[in-house]
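Undergrad: Okay, here's the structure, questions in a sec.
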Amino acid sequence: MLAAAVLAALGGCAAPNATAPAAASTSTASTGNAAALSSWRDGPSRQTIVKFVEAVTRQGSPDFVPPAERIAVFDNDGTLWSEQPLYFQFFFLLDQVRQAAPKHPEWNNNPAFKALMANDMNALMREEKDLLPLIAAGNSGMTVDEYDRTIRAWLESARHPKFNRPYTELVYQPQLELLNYLRANGFKTYIVSGGTIEFMRPWAERVYGIPPEQVIGSTQTVTYELRNGQPALVRGPKLEFIDDGPGKPVGIYRQIGRRPILAVGNSDGDLQMLQYTMAGPGQRLAVLVHHDDAEREFAYDRQSRIGKLDRALDEALARGWTVISMKQDWLQIYPFAKP
C-alpha cells in the first residue's frame, strides 16, 4: 500500500530551509460561540458538533468534562488540509530527489527516476520498488535544524499541481474555524498524523494554531553528535515509530497520556484512533470527513490509493459516528475560495 511505502521511505529522508510559511487566513475569531463556525452549513453535522461541545463544557451538566480532559485530536492529511493527488510530504520528498539528481548520474538508468523527471505520476507509482531507494538517497545526512530550514523553504516556493497555490493554503476553512471554536471552549487540540513530526512542526502553529509539542506523528531515529565542536541532532536512517493505523492510539498514549473525547479523521488510517476515543466513558464524538466534492476539491473514498475510506466508513455508519460531507456540510473549502 502506498501510504505504508511512503512512511517506510521517510526514515532515510532529509532536507530543509528558512523563513516560516505564511499562515493560512482564519476568517473567524477565537470565540466559543457556535456562530464562529460560519463556513459550516447549519445541518446535522454542525449541530452534532455544537451540541457535543455545549454538553461537555456546561457547568452542572451531567456530561461536563473538566478542561484538562477536553482533548481533541485531528488527523492532518485529508482532515485539516488536502492530500490529493499525493500526500504533500511525498511531493516534498520527490523534489529533494530532483535536487540531488546531479550528484547521482547513475539514477538515469532507474525507471522510477525517469518517470519522476517526466512528471509521470502513474508510472512513478508503478515503479515503487525503485522509487523508495531514490527517496532515501536524496533525503539523507541532515541535522534536524537543516531539515527544518529546507521544509520552510520548500513550502514557500512549492505549488499544488491542481490549484497552483502554496500547500499551506490548501487547508480547510471549516476546520480552522472548528479548531478555534474548540480552543475557545477549553479544548486542547492535537495533530495525530502518519506524516513525520519533522515535516509538520515547522508550520503547524502558524497555520493551525497548534504548537510543536502538540504535534504527534511518525518519527525516525535521532542521535546527538558534535559537529565542528558544536552540539547537533542528526537524523538517522530508520523510522522508529509509524503513527498510522494502530500506531495512532499508541502515539496518543505516549505523548498525551489522556484519552481524547473528540477525534476527527478521514480515512481507514484513522479508524483505530476513532475506536480508541469512543471506547472511553462519558460523552465522546468521532468524526469522519468524506471527500465527495470533485468540483471544489476531490472526490474519493473506497478505491483510492491515497486516503482510502472503506472500513472506517462502514464502522462510522454502523456506530452512528458523524460523517461530514464536504459537498453538503461545508459552505467553503479553502480560505482563498469564498463561497
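Undergrad: Once you place label points 7 Å from the Cα toward the Cβ at Gln47 and Asn228, how far apart are they in nm?
TA: Output for this residue pair reads 6.3 nm.
Undergrad: Could you tell me whether the stretch 236-330 comes out rounded, prolate or oblate from its Cα gyration tensor? Rule is a ≥ b ≥ c as square roots of the eigenvalues, rounded for a/c under 1.5, then prolate if a/b exceeds b/c, otherwise oblate.
TA: On the way: a/c = 2.22, a/b = 1.27, b/c = 1.76.
Cα axes put the stretch 236-330 in the oblate bin.
Undergrad: Just name one of Val207, Gly195, Ala184: the one whose Cα is farthest towards the positive end of the charge dipole of the stretch 180-225 (beta-carbon charges, Lys/Arg +1, Asp/Glu -1).
TA: Ala184
Undergrad: A follow-up question, please. Hey, which lysines would be in cross-link range of Lys338, C-alpha to C-alpha under 22 Å, not counting anything within fewer than 8 residues on its own chain?
TA: Lys162, Lys327
Undergrad: I would also like to ask the following. Ile135: net charge of surrounding residues, Cβ under 13 Å, Lys/Arg +1, Asp/Glu -1, itself excluded? Please report the intermediate quantities before stating the final value.
TA: Values: positive: Arg98, Lys129; negative: Asp95, Glu127, Glu128, Asp130.
Around Ile135, the surrounding residues sum to -2.
Undergrad: If you don't mind, there's one more thing I want to ask. Given the options Pro44, Gln303, Leu80, identify the residue whose Cα lies farthest towards the positive end of the charge dipole of the chain (+1 on Cβ of Lys, Arg; -1 on Cβ of Asp, Glu).
TA: Pro44
Undergrad: While we're on this one: Would you mind checking which residues have amide H under 5 Å from Leu86's amide H? H placed 1.01 Å from N; only 5 or more apart, or other chain.
TA: Here the answer is none, since no amide H 5 or more places off falls under 5 Å of that of Leu86.
Undergrad: Right, next: Net charge within 10 Å of His291 by Cβ-Cβ distance, Lys/Arg positive one each and Asp/Glu negative one each, not counting His291 itself? Could the numbers behind the result be given before it?
TA: Working: positive: Lys327; negative: Glu83, Asp292, Asp293, Glu297, Asp301.
Computed value for this residue: -4.
Undergrad: Label the stretch 201-273 by shape, choosing from rounded, prolate and oblate, from the square roots a ≥ b ≥ c of the eigenvalues of the Cα gyration tensor; if a/c is under 1.5 it is rounded, and otherwise prolate applies when a/b is larger than b/c, oblate when it is not.
TA: Numbers: a/c = 2.51, a/b = 1.77, b/c = 1.42.
Prolate, because a/c is 1.5 or more and a/b exceeds b/c.
Undergrad: Looking at the chain from every direction and averaging, what is the projected area of its Cα convex hull in nm²? Display every interim value, and only then the final one.
TA: Details: hull surface 69.3 nm².
If I average the Cα hull's projected area over directions, I get 17.3 nm².
Undergrad: Say we join alpha carbon atoms closer than 10 Å with springs in a Gaussian network model of the chain; which of Ala101, Ala118, Ala137 then has the biggest fluctuation?
TA: It is Ala118.
Undergrad: Please work out the FRET efficiency for the pair Phe64 and Val144, using the Cβ-Cβ distance as r and a Förster radius of 51 Å; give the result to the nearest 0.05. Walk me through the numbers on the way to the answer.
TA: Numbers: r = 41 Å, r/R0 = 0.81.
E between Phe64 and Val144, to the nearest 0.05, is 0.80.
Undergrad: Would you compute the Debye intensity of the stretch 141-261 from its alpha-carbon atoms alone, equal scatterers and no solvent, and pass along log10 I(q)/I(0) at q = 0.15, 0.19 Å⁻¹ to two decimals?
TA: Relative scattering, expressed as log10 I(q)/I(0), comes to -0.83, -1.19.
Undergrad: On a full-extension model of 0.36 nm per residue, what is the gain between Ala55 and Arg311, subtracting their alpha-carbon distance, rounded to one decimal in nm?
TA: On the way: separation 256, 0.36 × 256 = 92.16 nm, distance 2.93 nm.
This chain segment gains 89.2 nm when fully extended.
Undergrad: Glu240 to Glu295: extension gain in nm, 0.36 nm per residue of separation minus the Cα-Cα distance?
TA: Details: separation 55, 0.36 × 55 = 19.80 nm, distance 3.91 nm.
That works out to 15.9 nm of additional length.
Undergrad: What number comes out for accessible area per residue over the stretch 241-339 if the probe is 1.4 Å? Units Å², please.
TA: I get 44 Å² per residue for the stretch 241-339.
Undergrad: How high is the FRET efficiency from Ala318 to Ala123, r the C-beta distance, R0 45 Å, rounded to 0.05?
TA: Values: r = 39 Å, r/R0 = 0.86.
Here the calculated transfer efficiency is 0.70.
Undergrad: With +1 on each Lys and Arg Cβ and -1 on each Asp and Glu Cβ, and nothing else charged, work out how big the dipole of the stretch 102-149 is about its Cα centre, in Debye to the nearest 20. Walk me through the numbers before you get to the answer.
TA: Working: 5 positive and 8 negative charges, 32 e Å.
Charge dipole, the stretch 102-149, about its Cα centre: 160 debye, nearest 20.
Undergrad: Can you show me the helix-derived [θ] at 222 nm for the chain, built from DSSP H runs with n ≥ 4 at -39,500 (n - 2.57) apiece and divided by the number of residues, rounded to the nearest 500. Walk me through the numbers on the way to the answer.
TA: Numbers: 13 runs with 128 residues, N = 339.
For the chain, the value works out to -11000 deg cm²/dmol.
Undergrad: Which entries in Lys188/Lys248; Lys248/Lys308; Lys114/Lys238 show an alpha-carbon gap greater than 19 Å?
TA: Details: Lys188/Lys248 17 Å; Lys248/Lys308 16 Å; Lys114/Lys238 26 Å.
Cα-Cα > 19 Å for Lys114/Lys238; rest within.
Undergrad: So, counting K/R as plus one and D/E as minus one, what does the shell of residues with Cβ under 14 Å around Gly282 add up to?
TA: Numbers: positive: Arg58, Arg70, Arg258, Arg259, Arg284; negative: Asp63, Glu69.
Every neighbour counted, the sum reads +3.
Undergrad: Just how large is the dipole of the stretch 127-196 about the Cα centre, in debye to the nearest 20, putting +1 at every Lys and Arg Cβ and -1 at every Asp and Glu Cβ? Let's see the in-between values first.
TA: Working: 8 positive and 9 negative charges, 64 e Å.
It comes to approximately 300 debye.
Undergrad: Under unit Cβ charges (Lys, Arg +1; Asp, Glu -1), what dipole magnitude, rounded to 20 debye, does the chain have relative to its Cα centre?
TA: Details: 35 positive and 37 negative charges, 78 e Å.
The dipole magnitude comes to about 380 debye.
Undergrad: How much length is gained if the chain between Thr221 and Ile256 is pulled fully straight, taking 0.36 nm per residue apart and subtracting their Cα-Cα distance, in nm to one decimal? Provide the component values of the computation, followed by the final result.
TA: Working: separation 35, 0.36 × 35 = 12.60 nm, distance 2.05 nm.
Here the segment from Thr221 to Ile256 would lengthen by 10.6 nm.
Undergrad: Once you treat every alpha carbon in the stretch 56-175 as an equal point and sum by Debye, what is log10 I(q)/I(0) at q = 0.13, 0.23 Å⁻¹?
TA: Taking Cα atoms of the stretch 56-175 as identical point scatterers yields -0.65, -1.36.
The values are calculated or read from the model by the stated rules, or taken from the named source; none is laboratory data. Computed from a predicted model, the values in this text were never measured in an experiment. Ideal geometry is used to build each Cβ from the backbone, glycine not excepted, and the neighbour counts take in all protein chains shown. Ligands, DNA and RNA are excluded from the accessible area calculation, which covers all protein heavy atoms including side chains. Shrake-Rupley method; radii C 1.70, N 1.55, O 1.52, S 1.80 Å.
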